[in-house]
Amino acid sequence: MKIFLQRVIEWKAGVCVMYTASMVIYLFFCLVFDHQEVSTTMLWALLLASVLGTLIQAVCFSDWIIKNMRYTWRSLLFCVLFLPTLAVLGWKAQWFPTENWESWALFAGIFFAIFFVMTIGFDIYFRLTGRKYDGLLGQYRRQKEEE
């Protein structure tokens, strides 16, 4: 039960982070397209996207359901699950004009651009963190050899 509650707390924190990020992106596009009002439909859709996206992220990038899978396949699975989820939400909440294919192409392009930037960011973070811990492990081993 303790592990379950810990995962629920982590999930809730993930939802908050994703919702905040989606709001920042939404506000950016409001500035770009000169929208002065915030739609409550959009707020609810972004909240639902955050809830579902964080759940999909937990499924794809933790050992909760999938025990052994390469990171590349996990990333592909995330895209396969999350892009249609966002597409349905975008269509239902009327995020963009859905009647022309150019809007859909722009939507997919923005999705993959954000996904690419986030993947690069996580990769850099994990490499830097790994180097830090490798250095600390090396120091620990040197200390143990000296003793």
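Solvent-accessible surface of the stretch 31-72, taken per residue with a 1.4 Å probe and all protein chains present: 74 Å². When peptides 55-65, 24-34 are ranked by their average number of other Cβ atoms within 10 Å per residue, the highest-first order is 55-65, 24-34. Restricting the trypsin sites (Lys or Arg not before Pro) of the stretch 1-104 to loop positions (DSSP other than H, G, I, E, B) with no more than 10 neighbouring Cβ atoms within 10 Å leaves 67, 70.
Can you give me the angle between helix 40-61 and the longest principal axis of the chain, using Cα atoms only, in degrees from 0 to 90, rounded to the nearest 10? Roughly 30 degrees between the two axes.
Axis of helix 2-32 versus longest Cα principal axis of the chain: the two differ by about 50°, to the nearest ten degrees.
Rolling a 1.4 Å probe over the protein heavy atoms of the stretch 57-109, with every protein chain left in place, gives an accessible area that is 66 percent carbon and sulfur. Only Lys, Arg, Asp and Glu carry charge here, each on its Cβ (+1 for the first two, -1 for the last two); on that basis the chain has a dipole of about 640 debye about its Cα centre. Dividing the mean sequence gap of close Cα pairs (under 8 Å, 6+ apart) by how many residues the chain holds gives a relative contact order of 18 percent. Other residues with beta-carbon under 14 Å from the beta-carbon of residue 10 carry, at +1 per Lys or Arg and -1 per Asp or Glu, a net charge of +2. Taking the charge dipole of the stretch 40-147 about its Cα centre, with +1 at Lys and Arg Cβ atoms and -1 at Asp and Glu Cβ atoms, the residue from 119, 143, 55 reaching farthest to the positive side is 143. From the largest down, the stretch 53-147 spans 72, 26, 19 angstrom on the principal axes of its Cα atoms. Accessible surface of the stretch 1-47, 1.4 Å probe: 74 percent of it comes from carbon and sulfur atoms.
The values are calculated or read from the model by the stated rules, or taken from the named source; none is laboratory data. Remember, it's a predicted structure, so these values are computed and weren't measured experimentally. So basically every Cβ, Gly included, is an ideal-geometry build from the backbone, and we count neighbours across all protein chains shown. Each accessible area value is taken on the protein alone, full model and side chains, heavy atoms only, with ligands, DNA and RNA left out. Shrake-Rupley method; radii C 1.70, N 1.55, O 1.52, S 1.80 Å.
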